[in-house]
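See structure below.
The values are calculated or read from the model by the stated rules, or taken from the named source; none is laboratory data. All values reported here derive from a predicted model rather than from experimental measurement. Positions of Cβ are generated from backbone atoms using ideal geometry, with glycine treated the same way; all protein chains shown enter the neighbour counts.
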Amino acid sequence: MVLGIAQKLACAALVLGVASTAQAQQTSTNQVATKTAWAVFEDKNPKECWAVSSPKETVNTKDGRVVAVTRSDILLMAFYRPGALNGGQLAFTGGYPFAGGSTVSLQVGDSRFELFTDGEWAWAASAEEDAKIVSALKRGATAVLTARSGRGTNTKDTFSLSGFTAAVEDAEKRCK
């Protein structure tokens, strides 16, 4: 599942805003590991590592009815850089522009988090929140992200967390 879109995953990770505009346009094929439902990537210049997965299920609804919509890549990832103060930055892209001023809800077991949105991306509000989310993801079986598009479509994306812990630990180790 993750392996078939490796180049797009790598490009998406670079767009997170942690690289310059020129670097964001590059793509990476530097997949270094697969951990069940998660892939690990490593770039050398600049040194960046990330664990990433695509959803195992997506449901799109509008006015209470399931609808077919076109979305680009839907990705959940944890991103690491040498010398970064936090233990990983979590990011989600829903494959469409989120509704202005909206948030993305992330549910892992009994834990619920809100991610702020900007365009097609969503992040935690702080390094402390990132750490809480990564910890919950390590303990969980699935992560469910619900959001609303700029066109009013509600989306629910379910990610398997099988392999998440091994993938983020691998990415973090590579970028220490």
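On the stretch given as the range 140-176, residues that are of a type in the set (S, T, N, Q) and either over 22 Å from residue 117 (Cβ atoms) or free of Cβ contacts under 8 Å to residues at least 12 places away in the same chain (or both) total 3.
Quick test of your reading of the structure: residue 68 fulfils all but one of (1) assigned to a strand (DSSP E or B); (2) farther than 19 Å from residue 142 by Cβ; (3) of a type in the set (A, V, I, L, M). Name the failing condition by number. Looking at each condition in turn, residue 68 falls short on (1).
Mind listing just one residue for me: the one in the range 59-71 that is of a type in the set (S, T, N, Q) and either in contact with a strand residue (DSSP E or B) (Cβ under 8 Å, 6 or more places away or on another chain) or at pLDDT 95 or above (or both) and, of those, farthest from residue 157 (Cα to Cα)? Residue satisfying both the conditions and the ranking: 61. The set of residues from the range 143-165 being over 16 Å from the mean Cα position of the chain (by Cα), of a type in the set (Gly, Ala, Ser) and outside any strand (DSSP E or B) comprises 150, 152. The strands (runs of 3 or more DSSP E) located wholly in the range 75-142 that include 1 or more residues which are over 14 Å from the mean Cα position of the chain (by Cα) and surrounded by fewer than 21 Cβ atoms within 10 Å (Cβ to Cβ) occupy 103-108, 111-118.
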